[in-house]
Structures are given as C-alpha cells and as structure tokens.
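Engineer: What follows is a single structure, and I will ask about it in a moment.
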Amino acid sequence: MSNGKPKVGIPRALHFYRYFPFWKKLLEELGAEIVLSPPTNKRIVEEGVQHGFGELCIPVKIYYGHVMKLIREHPELDYLFVPRYVSEKKESYFCPKFLSLPDVIKILPNVPKLLNFEVNVKEFPIATSVISLARQLGKSQARALEAYREAKAYFDEYHSFLRAGAPVLHALRLVERNLPFTLPKKKKEHDIKFLLLGHAYNLFDTYINLNFQRKLRDEGADSLTIENLPESIFKVPVIVNKKLRNYWVHEEEIMQAIRYYLTKGRKEIDGVIFLISFACGPDSLISELIMRDMKVVGLPFLEIIMDEHSGEAGLLTRIQSFVEMVRRKKNQMKLMSLAKQRAKKSELF
Ligand code: SF4
C-alpha cells in the first residue's frame with residue numbers, strides 16, 4: 001500500500017474478458033490500485049497446467065497460471081480479486097467452475113488475502129455484494145453505492161461501444177489505459193463473414209486460441225462475436241424442443257445468437273465457428289444442438305476444440321479448408337442465382 005491505496009491483483013483470464021471494465025471502475029472508485037497480470041504466455045500456461053489437475057478445462061488452468069504470475073512478481077499485493085459468479089440473472093447460472101473459483105485459488109501457495117465478491121442475484125442483489133466489498137476496503141455503504149452507480153454506468157457505455165462494432169480486445173485496451181471509447185479505423189471488409197461463438201476467454205485470449213481471428217482475416221474472412229450483437233437478440237429465452245431451457249448463462253446467449261442467425265439474420269453470415277475448450281461440459285452439449293440446427297438450414301459449421309497442445313499448423317489447415325469450402329459454396333450460389341435471373345429475363349421476351 002505504497003501510496004495509501006490498497007493494491008489489488010486481477011488475473012487476466014476467465015471473466016476478465018467479460019467484466020474487467022466493471023471491476024476496474026468499481027475497485028478504483030473504492031480507492032484501490034489495480035495490478036493486472038500480463039497477456040497469457042507460454043510460461044503462464046505451463047505453470048497453470050502444473051497447478052491444475054488433469055481433467056480441468058484449459059481456461060481454468062490458465063487462470064491458475066495468471067494467479068501464480070501475480071503472486072511471484074507482485075509480492076506487494078494486498079489482495080487478489082477472485083470473484084465468485086453464481087447467477088447474474090434469476091433464471092440462469094454460471095458454470096460450476098466459477099462457483100468454486102475462490103475456494104480452489106485459496107489453496108495455491110502464498111496467495112494474498114482474497115477480496116470477497118459474490119454475484120448471486122438468486123439470493124441477493126449485486127449492491128449487497130458491493131457493500132461487502134467496500135467494507136473489506138474500509139469504505140462506507142454510501143461510497144459503495146456511489147461506486148456501484150459509476151461502475152454500472154461505465155459498463156453500460158462499454159457495452160454500447162461493443163454494439164457499435166468495437167472489437168473486444170480494442171475496447172479492453174482502452175479501458176486498461178483509461179482512454180475514451182473511440183472506434184478503430186475501419187478495416188477492409190472481406191467477402192466472407194462468420195459468426196464466431198465461444199466464451200470470451202476462448203475468443204479473446206490470443207495465446208491460447210493461436211490468434212484465431214487474425215488467421216481468419218489473413219484468409220479473407222471477417223468474424224463477429226456475440227458481444228457485437230444488438231441487445232434485442234438476448235431478450236427472449238431459447239426453449240429447445242418446446243420444453244428444454246438452458247440454465248447456463250453464456251450458453252444461453254450463444255443459443256440466442258444462433259436463433260437469430262437461423263431466422264431473421266440468415267443472410268447476414270456465411271457460416272458459424274464455435275471455439276470450445278477441451279473438457280468443457282456445457283459447450284459440448286450445446287455444440288450438438290447447434291450442429292443439428294446448422295444441418296437443417298444448410299449453414300456451414302466448424303467446431304474447434306482447443307487445449308494446451310493445440311498446434312498452429314493443424315489449426316491453419318482447418319481454417320483454410322473451411323474458408324475455401326464456404327467461398328466455393330457462396331460463389332456457386334451466386335452463379336445459380338444469376339442463371340435463374342437470366343432464365344426469367346429470356347422468358348419475358
Ligand atoms: S464453461 Fe467450460 S470452459 Fe468455461 S470454465 Fe466451465 S468447463 Fe471451463
């Protein structure tokens with residue numbers, strides 16, 4: 001606490017990619033100084049794999065690696081921020097790995113004190129957790145509620161920025177550097193566009209996904225993610241076979257995006273790509289449902305399963321062949337529709 005501010009470490013992993021703007025604003029409004037771990041690298045992954053047991057999915061192992069990195073390089077940390085996300089909406093839950101995260105992190109060696117912050121709207125409002133968080137940082141209830149208001153307003157602004165088309169990594173960089181939200185220069189648009197599905201920590205950790213979006217761009221394909229889609233798509237729940245509801249919050253968002261692109265938005269994309277972590281139960285389940293729907297509407301679908309052993313060459317081959325197949329299909333359709341138009345014209349004369 002060199003400048004009188006408590007130092008709080010945040011691992012750049014898991015929900016960092018979803019909630020960092022909110023956490024940053026909230027903690028800073030409560031007088032904390034944030035120390036972020038660096039982007040994922042080889043050493044972080046190796047250390048995470050060493051501390052995570054075999055069956056864990058890779059994003060959680062990476063989280064361990066980021067925690068270890070913060071502990072080793074920042075012995076001056078007063079706290080580590082490891083929130084417990086249980087439910088954010090009344091009718092859905094987070095994956096069980098998020099429910100137990102603070103408990104498993106506590107047992108790592110030399111961990112500083114954890115700041116307790118639980119999001120569980122089924123049991124209590126978020127404001128209650130914010131008041132408890134503020135108390136741990138020596139702040140009053142009034143300060144807590146003011147900080148919460150500020151953080152919510154900033155987070156809303158961040159989401160509007162994403163919906164205006166800002167790429168998530170660009171937006172997060174601006175947040176990190178306290179810069180205003182300005183869109184990057186428009187890049188040249190390609191003839192192929194995919195909907196890229198997956199958890200934010202799979203899509204935006206460019207080390208573990210081997211810079212997937214850049215590879216797609218290099219092959220002449222653009223991609224959009226659910227963060228860029230309008231809010232209206234996520235208002236109504238998806239009911240599978242008229243009776244099954246999805247109780248995992250992120251998987252529900254994925255299904256809602258798919259429902260839109262299978263119906264109204266069918267012409268807006270050329271295919272769907274789903275990045276999944278090896279050993280992820282929730283994603284493998286919905287991947288089956290998505291694949292079934294894709295077959296029905298004839299929309300190309302590619303599923304990529306990632307783990308710490310994923311190789312650059314294999315991934316590139318899969319991307320290249322998928323893009324090539326989609327491009328050929330698109331060109332064939334164009335030719336067929338041209339031929340139809342010509343046939344119609346000649347009937348008229
Ligand atoms: S949703 Fe899947 S990838 Fe994410 S933490 Fe749970 S098991 Fe791991």
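Engineer: I need the full set of residues from segment 262-310 which are within 30 Å of residue 45 (Cα to Cα) and either basic (Lys, Arg) or at pLDDT 90 or above (or both), in order please.
Structural biologist: Across segment 262-310, the qualifying residues are 272, 273, 274, 275, 276, 277, 301, 302, 303, 304, 305.
Engineer: Still on this structure, I have one more. Determine whether segment 118-128 contains at least one residue that is among the acidic types (Asp, Glu), more than 14 Å from the ligand (Cβ to nearest atom), surrounded by fewer than 17 Cβ atoms within 10 Å (Cβ to Cβ) and part of a loop (DSSP other than H, G, I, E, B).
Structural biologist: Within segment 118-128, one or more residues are among the acidic types (Asp, Glu), more than 14 Å from the ligand (Cβ to nearest atom), surrounded by fewer than 17 Cβ atoms within 10 Å (Cβ to Cβ) and part of a loop (DSSP other than H, G, I, E, B).
Engineer: Something else: If you check every pair at least six apart or on different chains, which have Cβ atoms under 8 Å apart with a residue in segment 311-325 that is over 10 Å from residue 210 (Cα atoms) first and a residue that is among the acidic types (Asp, Glu) second?
Structural biologist: From residues that are over 10 Å from residue 210 (Cα atoms), the pairs are 319/219; 320/219; 323/219.
Engineer: Taking segment 250-284 as the region of interest, how many residues are over 23 Å from residue 88 (Cα atoms), away from the ligand (no atom under 16 Å from the Cβ) and of a type in the set (A, V, I, L, M, F, W, C)?
Structural biologist: 4
Engineer: Mind checking whether some residue in segment 181-196 is in contact with a Ser or Thr (Cβ under 8 Å, 6 or more places away or on another chain), basic (Lys, Arg) and within 28 Å of residue 59 (Cα to Cα)?
Structural biologist: Among the residues of segment 181-196, at least one is in contact with a Ser or Thr (Cβ under 8 Å, 6 or more places away or on another chain), basic (Lys, Arg) and within 28 Å of residue 59 (Cα to Cα), which makes the answer yes.
Engineer: Pairs needed: first member in segment 150-167, on the phi > 0 side of the Ramachandran plot; second member anywhere, surrounded by 19 or more Cβ atoms within 10 Å (Cβ to Cβ); C-beta distance under 7 Å; at least 6 residues apart or different chains.
Structural biologist: Nothing qualifies.
Engineer: Look through 287, 223, 232 and report the one residue that is polar (S, T, N, Q) and surrounded by fewer than 16 Cβ atoms within 10 Å (Cβ to Cβ).
Structural biologist: On the way: 287 fails: surrounded by fewer than 16 Cβ atoms within 10 Å (Cβ to Cβ); 223 fails: surrounded by fewer than 16 Cβ atoms within 10 Å (Cβ to Cβ).
232 is the lone residue from the list that is polar (S, T, N, Q) and surrounded by fewer than 16 Cβ atoms within 10 Å (Cβ to Cβ).
Engineer: Taking into account only those residues within segment 234-249 that are farther than 13 Å from residue 89 by Cα and among the basic types (Lys, Arg), which is modelled with the highest pLDDT?
Structural biologist: 245
Engineer: Tell me, please, whether a residue that is away from the ligand (no atom under 13 Å from the Cβ), closer than 20 Å to residue 175 by Cβ and not assigned by TED's automatic domain parsing to the domain that holds residue 202 can be found in segment 41-61.
Structural biologist: The answer is no, given that none of the residues of segment 41-61 is away from the ligand (no atom under 13 Å from the Cβ), closer than 20 Å to residue 175 by Cβ and not assigned by TED's automatic domain parsing to the domain that holds residue 202.
Engineer: Could you look through segment 28-40, keep only residues that are within 21 Å of the chain's Cα centre (by Cα) and surrounded by 19 or more Cβ atoms within 10 Å (Cβ to Cβ), and pick out the one that is nearest to the ligand (Cβ to nearest atom)?
Structural biologist: Ranking the candidates gives 40 first.
Engineer: Suppose we filter 114, 179, 172, 137 for residues that are away from the ligand (no atom under 16 Å from the Cβ), under 20 Å from the mean Cα position of the chain (by Cα) and at pLDDT 95 or above; which single one remains?
Structural biologist: 172 is the lone residue from the list that is away from the ligand (no atom under 16 Å from the Cβ), under 20 Å from the mean Cα position of the chain (by Cα) and at pLDDT 95 or above.
The values are calculated or read from the model by the stated rules, or taken from the named source; none is laboratory data. Predicted model, so just to flag it, every value in this text is computed and none were measured. Positions of Cβ are generated from backbone atoms using ideal geometry, with glycine treated the same way; all protein chains shown enter the neighbour counts.
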